[in-house]
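First up is the structure itself, then whatever we jot down about it.
The values are calculated or read from the model by the stated rules, or taken from the named source; none is laboratory data. Fair warning: this is a prediction, and the values are worked out from it, not measured in the lab. Positions of Cβ are backbone-derived with ideal geometry, glycine not excepted, and every protein chain shown enters the neighbour counts.
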Amino acid sequence: MLKQTLEEICMKGSIYDEIIDNLIKPNYHLKPELISELAISFLENEDKLNQVIKEGYFKYYFIRACKNQIHSNTSPFHKNTRLTENLYYDNLEVADEDYIQTKIENEEKYLKIDRTYTKIPKTHFQEFVWQEYWTKDKTYRQIGDEIGVSHCLIFHEVKKVMVQLKDKI
């Protein structure tokens, strides 16, 4: 049952296609990534989803799953596509003639962030979480699972450090 539903989700013009379009506009270019993350999530929970389909409330479940992927800061979709608050990744349009100047400016920004980071007060736990998240590029969930705490706690600790950095810079 789930496999047929996944095929319907991917079909152009289906009700699920329209739902995704309404939820993701104006970022239609992110639609394939969202569908991919949803499919992974659904296949990991195949038994539960087959039950949801049997009981007839899959459309509600689908909308909730889409909204969670789009709006949750801890979702895989967010981690892979939305880097708006990321201090280390700026989406800069770089012209060829300005390339060297832009690299110099970016390097200065990164050095400023690093210097500020060393000066702000933080706990050992925040230091560990920050390094795991930024240096080793792990997700909140991966870090939380590794050390046995909630991924929400990891998110809040990273956010605290980011707020301190933004205040100091």
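Can you pull out the residues in the stretch 39-65 that are within 9 Å of LEU2 (Cβ to Cβ) and small (Gly, Ala, Ser)? Answer for the stretch 39-65, where residues must be within 9 Å of LEU2 (Cβ to Cβ) and small (Gly, Ala, Ser): there is none. So for the stretch 143-164 (the condition being touching a residue at least 40 places away in the same chain (Cβ under 8 Å), under 18 Å from ASN80 (Cα atoms) and out of contact with any Ser or Thr (no Cβ under 8 Å at 6 or more places or on another chain)), does at least one residue qualify? No - not one qualifying residue is present in the stretch 143-164.
Taking the stretch 117-169, which residues are touching a Gly at 6+ places or on another chain (Cβ under 6 Å) and hydrophobic (A, V, I, L, M, F, W, C)? Spell out how you get there, then give the answer.
Step one: list which residues in the stretch 117-169 are touching a Gly at 6+ places or on another chain (Cβ under 6 Å), which gives 150-151, 154.
Within the stretch 117-169, just ILE154 meets the criteria.
Taking the stretch 101-151 as the range and being under 20 Å from the mean Cα position of the chain (by Cα) and basic (Lys, Arg) as the test, the residues that pass are LYS136, LYS138, ARG141. Selection over the stretch 137-169 of residues that are surrounded by fewer than 17 Cβ atoms within 10 Å (Cβ to Cβ), out of contact with any Leu (no Cβ under 9 Å at 6 or more places or on another chain), among the charged types (D, E, K, R) and farther than 16 Å from PRO76 by Cα gives a count of 5.
The number of residues in the stretch 107-116 being of a type in the set (Phe, Trp, Tyr) and modelled with pLDDT of 85 or more comes to 0. Let me confirm something: among GLU7, GLU37, GLU44, which residue is free of Cβ contacts under 8 Å to residues at least 60 places away in the same chain and in contact with a Pro (Cβ under 6 Å, 6 or more places away or on another chain)? Exactly one of GLU7, GLU37, GLU44 is free of Cβ contacts under 8 Å to residues at least 60 places away in the same chain and in contact with a Pro (Cβ under 6 Å, 6 or more places away or on another chain), namely GLU37.
Please indicate, with yes or no, whether at least one residue in the stretch 5-20 is within 25 Å of VAL158 (Cβ to Cβ) and of a type outside the set (Lys, Arg).
Step one: of the stretch 5-20, the residues within 25 Å of VAL158 (Cβ to Cβ) are none.
Checked against the condition, which is being within 25 Å of VAL158 (Cβ to Cβ) and of a type outside the set (Lys, Arg), the stretch 5-20 yields no hits at all.
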